[in-house]
């Protein structure tokens with residue numbers, strides 16, 4: 001596994017020797033490599049567990065834009081909501097007032113007496129306003145400072161849920177897996193259309209792209225660790241260069257490959 005990784009990164013033309021790998025080995029490699037992309041998330045959680053500052057700021061902005069109503073108020077640890085409202089940020093949604101939560105987001109539902117956390121429409125945890133310390137809140141005061149007050153209480157509830165940290169890591173893994181697979185398959189079509197003179201079965205092209213696209217994952221990991229994820233475009237450029245390098249270095253001998 002690691003030999004294939006180091007070879008694919010340092011000597012891309014030699015990745016052609018992995019085209020004969022079994023599908024099981026190639027698929028195992030495909031699922032293994034995105035594990036590297038969760039390393040920054042794990043490091044971040046170990047240093048500063050809980051909601052990140054970036055996500056907290058997004059929540060404040062969402063509350064400031066969407067959760068204001070003249071007749072909605074929390075008083076003596078009880079919510080009175082004449083109207084229902086929603087505010088979405090990242091993959092979270094805050095609901096004010098009893099209403100149906102969406103399946104495709106992590107939801108904080110503010111009912112008359114408590115905040116309930118839902119994941120895929122399944123209740124994970126709840127806390128009363130009294131236990132949270134949220135005695136009063138006026139939804140009619142539309143200021144950033146007031147939005148931060150409500151956001152700070154929701155963040156306190158968020159930080160107490162270990163399930164959210166695990167969910168974050170799992171989600172990050174699958175997003176990385178999807179990106180990795182997408183770019184690998186894209187390069188299969190790219191090589192078929194624009195790299196002429198090399199006749200390979202589609203299955204071999206797919207396996208070769210799985211290994212050559214390793215540079216996308218590793219370079220993206222490096223950019224994330226150095227805090228410059230916006231340089232991901234360089235990762236995509238490297239993927240293209242690695243594919244052209246490998247294909248142009250290939251000397252296809254039909255008898256030896258088929």
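The values are calculated or read from the model by the stated rules, or taken from the named source; none is laboratory data. If you're wondering where the values come from, they're calculated on a predicted model, not measured in any experiment. All Cβ positions, even for glycine, are placed from backbone atoms using ideal geometry, and neighbour counts span all protein chains on display.
Could you check residue 28 against (1) surrounded by fewer than 19 Cβ atoms within 10 Å (Cβ to Cβ); (2) under 25 Å from residue 103 (Cα atoms); (3) out of contact with any strand residue (DSSP E or B) (no Cβ under 7 Å at 6 or more places or on another chain) and say which number it fails?
Answer for residue 28: the failing condition is (2).
Just wondering, is there one or more residues in region 79-96 that are over 16 Å from residue 51 (Cβ atoms) and within 25 Å of the chain's Cα centre (by Cα)?
Yes: region 79-96 contains one or more residues that are over 16 Å from residue 51 (Cβ atoms) and within 25 Å of the chain's Cα centre (by Cα).
Does residue 154 satisfy being in contact with a strand residue (DSSP E or B) (Cβ under 8 Å, 6 or more places away or on another chain) and either without any contact (Cβ under 8 Å) to a residue 12 or more places away in the chain or closer than 30 Å to residue 123 by Cβ (or both)?
Answer is yes for this residue.
Just to be sure before I move on: is residue 103 over 19 Å from residue 145 (Cα atoms) and assigned to a loop (DSSP other than H, G, I, E, B) in the structure I sent?
Considered against the rule, which asks whether it is over 19 Å from residue 145 (Cα atoms) and assigned to a loop (DSSP other than H, G, I, E, B), residue 103 comes out as yes.
For residue 94, state whether it is in a strand (DSSP E or B), surrounded by fewer than 18 Cβ atoms within 10 Å (Cβ to Cβ) and touching a strand residue (DSSP E or B) at 6+ places or on another chain (Cβ under 6 Å).
When the stated conditions are applied, residue 94 does not pass them.
Going through region 121-139 one residue at a time, which ones are outside any strand (DSSP E or B) and either more than 21 Å from the chain's Cα centre (by Cα) or under 13 Å from residue 80 (Cα atoms) (or both)?
The answer is 129, 130, 131, 132, 133, 134, 135, 136, 139.
Hey, which of the strands (runs of 3 or more DSSP E) in region 1-90, taking only ones fully inside, have at least 1 residues that are without any contact (Cβ under 8 Å) to a residue 60 or more places away in the chain and under 20 Å from residue 151 (Cα atoms)?
Where strands (runs of 3 or more DSSP E) fall fully within region 1-90 and carry at least 1 residues being without any contact (Cβ under 8 Å) to a residue 60 or more places away in the chain and under 20 Å from residue 151 (Cα atoms), they are 78-80, 85-89.
Could you tell me whether any residue of region 34-57 is surrounded by 15 or more Cβ atoms within 10 Å (Cβ to Cβ), under 25 Å from residue 113 (Cα atoms) and at pLDDT 90 or above?
Yes, some residue in region 34-57 is surrounded by 15 or more Cβ atoms within 10 Å (Cβ to Cβ), under 25 Å from residue 113 (Cα atoms) and at pLDDT 90 or above.
Assuming residue 118 fulfils every condition listed in (1) without any contact (Cβ under 8 Å) to a residue 24 or more places away in the chain; (2) surrounded by fewer than 20 Cβ atoms within 10 Å (Cβ to Cβ); (3) not in a loop (DSSP other than H, G, I, E, B) apart from one, which condition is it?
Evaluating residue 118 over (1) without any contact (Cβ under 8 Å) to a residue 24 or more places away in the chain; (2) surrounded by fewer than 20 Cβ atoms within 10 Å (Cβ to Cβ); (3) not in a loop (DSSP other than H, G, I, E, B) leaves (2) as the failure.
Name the one entry in 111, 156 that is more than 30 Å from residue 225 (Cβ to Cβ) and either at pLDDT 95 or above or not assigned by TED's automatic domain parsing to the domain that holds residue 172 (or both).
111
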